[in-house]
Amino acid sequence: MLSDQNRQYAADAILAAEKTRKVCPQPSATWPEMTLEDAYDVQRRWAEARIAAGAKIVGRKIGLTSRAMQQASKMTEPDYGVILDDALFQDGARIAAGTFIKPRLEVELAFVMGSDLSGAGCHIHDVMRATEFVQPALEIIDYRTEVPRQIVDTIADNAAFGAIVLGGRTIRPFDVDLRRVGATLSQNGVIEESGLAAAVMGHPAAGLAWLVSKLAAQGDGLKAGDIVLGGAFARPVDIRPGDVIAADYGDLGSIGVSFA
């Protein structure tokens, strides 16, 4: 376990990398003994610094929701980070690619909470009852640390969150079978990826149930109004300046975004 001084040093390094757009050494390379508890505390310190600078937490993101990604990261469960208001975009946005270091983009579903939800042993039906609506979303993922990365590096780096783009049609969680929601992801007119939301732990709300149970151990939970990214259900695509992205979610509409 790391000392408070080293945890703060790691948070400051990631914050500096974000500002300068230059990756920093992986925390795990400097401190091989780094634990998951250390990593989440580094993430917390990073978020507190961003909030002190004027940002606001508007929700949470869940990552590593597919078995393949967990195996690649040598994890047996997902991870999570926070969503900040200055990284929230809407359908049709033109985003400066230079905002990020090496951005990639994924298709997901966003859950907007209608009521608070907390406590251990949370289930999918609890999430569905507490959700006001669900809508299509794109997550831009980005890393502020060097490679190769360990899972503690990704967690400390706010679970690789870069930004979120919301769009499409909002629906009540029980109005459709969320497992069967599908999407295609086109880059510059070419479909590069596609997938079904069932790829997220069998149900896109399963990640939120896991998150609520994890947060319960910290005396925390989800709040009404929170935006929660449930996890990607297709592989990410690399983003470059000039790219035009279109994600088609069928009956749930579409999202278009471009990168300057």
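The values are calculated or read from the model by the stated rules, or taken from the named source; none is laboratory data. Please read all numbers here as calculations on a predicted model, not as lab measurements. All Cβ positions, glycine included, derive from the backbone under ideal geometry; neighbour counts span all protein chains shown.
Within segment 151-175, restricting attention to residues that are closer than 30 Å to D12 by Cβ and polar (S, T, N, Q), the residue that is modelled with the lowest pLDDT is T154.
Within segment 175-200, the set of residues being within 18 Å of the chain's Cα centre (by Cα) and crowded, with 22+ Cβ neighbours inside 10 Å comprises A183, L185, A197, V200.
Before we move on, is E108 surrounded by 24 or more Cβ atoms within 10 Å (Cβ to Cβ), of a type outside the set (K, R) and farther than 24 Å from Q8 by Cα? The answer is yes for E108.
Within the option set V152, V165, being part of a helix (DSSP H, G or I), among the hydrophobic types (A, V, I, L, M, F, W, C) and touching a residue at least 60 places away in the same chain (Cβ under 8 Å) holds for one residue only, V152.
As for segment 172-181, it holds no residue that is aliphatic (A, V, I, L, M) and either closer than 23 Å to T76 by Cβ or in contact with a strand residue (DSSP E or B) (Cβ under 6 Å, 6 or more places away or on another chain) (or both). In this structure, is A224 within 28 Å of K56 (Cβ to Cβ), touching a strand residue (DSSP E or B) at 6+ places or on another chain (Cβ under 6 Å) and either charged (D, E, K, R) or surrounded by fewer than 20 Cβ atoms within 10 Å (Cβ to Cβ) (or both)? Judged against the criteria, A224 is a match. Remark: pairs (first residue in segment 6-34, surrounded by 18 or more Cβ atoms within 10 Å (Cβ to Cβ); second residue outside any helix (DSSP H, G or I) and at pLDDT below 95; Cβ separation under 7 Å; 6+ apart in sequence or on different chains) = Q26/R149; Q26/Q150; S28/Q150.
A198 meets all of the listed conditions (1) closer than 19 Å to Y40 by Cα; (2) in a helix (DSSP H, G or I) but one, namely (1).
Taking strands (runs of 3 or more DSSP E) as the structural unit, those lying wholly within segment 74-120 and holding at least 3 residues that are of a type in the set (A, V, I, L, M, F, W, C) and within 21 Å of A197 (Cα to Cα) correspond to 104-113.
Against the numbered list (1) closer than 22 Å to F100 by Cβ; (2) in contact with a Leu (Cβ under 7 Å, 6 or more places away or on another chain), G168 comes up short only at (1).
Applying the selection to segment 107-150, what residues are polar (S, T, N, Q) and modelled with pLDDT under 95? Selection gives Q150 alone. Quick one: count up the residues across segment 1-36 that are in a helix (DSSP H, G or I) and either within 21 Å of E146 (Cα to Cα) or within 19 Å of the chain's Cα centre (by Cα) (or both). The total comes to 20. Do the conditions hold for R172, that is, is it more than 16 Å from the chain's Cα centre (by Cα), under 15 Å from S66 (Cα atoms) and charged (D, E, K, R)? No, not satisfied.
Any idea which of A55, A47 is farther than 23 Å from V147 by Cβ, assigned to a helix (DSSP H, G or I) and of a type outside the set (D, E, K, R)?
None of the others qualify; the one that does is A47.
Figure legend. Inter-residue proximity from segment 197-214: first residues touching a residue at least 40 places away in the same chain (Cβ under 8 Å), second residues small (G, A, S) and assigned to a helix (DSSP H, G or I), beta-carbon distance below 7 Å, spacing 6+ or different chains. Indicated pairs: V200/A206; V200/G207; M201/G207; P204/A197.
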